[in-house]
1. I'd like to compare A:242-251, B:56-65: which one has the highest average count of other Cβ atoms within 10 Å, and what's the full order after that?
2. Which whole-number value in Å² is the accessible area per residue of chain A, probe 1.4 Å?
3. Mind checking which of A:V236, B:T27, A:I136 is farthest towards the positive end of the protein assembly as shown's charge dipole, using Cβ charges of +1 (Lys, Arg) and -1 (Asp, Glu) about the Cα centre?
4. How much of the DSSP beta bridge set in segment B:4-222 is antiparallel, as a percent to the nearest 5?
5. Provide A:Y239, A:Y209 ordered by accessible surface of protein heavy atoms (probe 1.4 Å), highest first.
6. Per residue of B:86-97, count partner chain C-beta atoms within 10 Å of its C-beta, then hand back the mean as an integer.
7. Express the relative contact order of segment B:4-222 as a whole percentage, based on alpha carbon pairs under 8 Å and six or more residues apart in sequence.
8. How much accessible surface area, in Å² rounded to 10, belongs to the heavy atoms of B:R79 with a 1.4 Å probe?
Amino acid sequence: MSVTIENLSYIYDKKAVFKKNALFDVSLKVEDGDFFALVGRTGSGKSTLAMHLNGLIRKQTGVILIDDFDFDKKINLKALRAKVGIVFQYPESQLFADTVALDVGFGPKNLKLDPKEIDARVRDSIGAVGLDYDEIAGKSPFELSGGQMRRVAIAGVLAMKPEILVLDEPTAGLDPQGKKDIMELVSSLRSSLKAVIMISHNMDEVAKYCNKVALMDEGRLVGVFTPRQLFRDDTVERYGLLLPSAVSLAHKLKAAGVINDADILGEDELVAKILEAKNIK
Amino acid sequence: MSLIEFDNVTFSYRAGLRPAIKNLSFTLESGETLALIGHNGSGKSTLARLCNGLLIPDKGEVRVDGQSTRGKNVFDIRRKVGVVFQNPDNQTVATIIEDDVAFGPENLGLKSEEIRKRVDDALESVGMLGYAKRDPFRLSGGQKQRVAIAGVLALKPRVMILDESTAMLDPLSRREVMEVVYDLVRKENMSLITITHFTEEALEADKVLVLDGGEKYMEGGREVFLKSKELASIGLTAPTAVRVADALRAKGLDVARDVLYDEDLVKALCR
């Protein structure tokens, strides 16, 4: 079940005097198995694009194909949202129920599923985000740490059994360990999902986990790349982003003649490259 | 007299709960910049709230410019200590950006020309002057945060506390805002406490205070970031250059011990 977007354009406030395209002629394809990153500076249209995918924003012009949903007609939003789950920025701010189990089960309950099925889904999704059901299910979500709350929020989306998971800056605001834990979690979910789409400003995470990156700027798609292609030169810097920290360091070492090329993505590769240049095995 | 002084401060949110801050002492001088780091839940935000009297210590004392936050002059203290929090939505009060930024100075009873000037200067500093007449609620998260920072700048505080205020900005905006903040701090001889998970940001500060479980874990200059093992053991990460230098040393390459920045590593390896 791929996601195909063709010539998608969107304007907020069409009647406004100063209208501005939030999206302009964007075409891209997310295939099964992709861990697809959407990157671009603030206001580049990443979130607007993501919100189209589960019908939070109604398409104005262009084509969106997800499974057999026809975005030109009135879509069954419930069915679409069961297929495409979105985890918003700071999703823990949307927790509301008295217990973790009720919060995670809220979506499935709205689907009017059988209570047994709801219970099974709640158990599965709490387990899938690396939390202990017995320990946590009866607790108030507000007693939990920030990282745990975020996991619970993700579990709530997983309980809808989506095939495509969209995450808007899933690690924003977390400490380094929390960031790493959430990225490992998302990565571990890949096998049970068709595709993961992640909006991110963290190029270190994009370099480490994603197989494709769409770079956006001012509502337009600059291009879709592999992380290695994208970070080979200073392209991202010209679009208001930073290179992954190890790549940035590699570029400086290359400029100083310490290493011959900066064709690396992570620290391990960089260390190996330096050792090679220094003839150390 | 230090601008901010924590004297053996202990604070718990509820009696019987593990203290969020425990026996903490440190000082911040006028014009000094301090990076406050620690994993989530280590007490950083509690410390920020103790600085301007939003929270009052259970034991010990917090003094701002010599005045205890326990005293009656808490508004005086809040004028001196401007805090920008993590989520800008909770800090926006007006429906037009320049009104939002003017809210603080208006409450100080300043003359309208002075308010105008402060608002324009503050908005210009954060690169939002072109948006002065717009609706803050329609901005992106990063833009909103810049407006919130402008709102504090317009108050001309003695010390500015950024409580993960750049967490929602994209990397270049983050860099720009921090440059603006450091420039302002140095120009106005303001002090700064920056609470951040971004090592790059913390490396700019004169001093570093590392908290773990509400207690002081490490304190010092930037050399604190050389201690990658100690940092890793409480879930923090050392700068990339430090980690790469560590890995190279582990493989037998002789790399200078004081490599902190990318440029240091380049220099060390060029030899």
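1. Numbers: A:242-251: 23.7, B:56-65: 18.0.
Highest mean packing first, the order is A:242-251, B:56-65.
2. Numbers: 12770 Å² over 281 residues.
Heavy-atom accessible area per residue stands at 45 Å².
3. Final value for the positive-end residue is A:I136.
4. Details: 17 of 34 bridges.
Of all bridge pairs located within segment B:4-222, approximately 50 percent are antiparallel.
5. Details: A:Y239 55, A:Y209 30 Å².
Accessible-area ranking of A:Y239, A:Y209, largest first: A:Y239, A:Y209.
6. Working: counts 3, 3, 0, 2, 0, 0, 0, 0, 0, 0, 0, 0.
Shielding by partners across B:86-97 averages 1.
7. Numbers: 430 pairs, mean separation 63.2, N = 219.
Here the relative contact order equals 29 percent.
8. 130
The values are calculated or read from the model by the stated rules, or taken from the named source; none is laboratory data. No experiment lies behind these values; they were computed from the predicted model shown. Every residue, glycine as well, gets a Cβ built from its backbone with ideal geometry; the counts of neighbours run over all protein chains shown. SASA here: full protein model, heavy atoms, side chains in, ligands and nucleic acids out. Shrake-Rupley method; radii C 1.70, N 1.55, O 1.52, S 1.80 Å.
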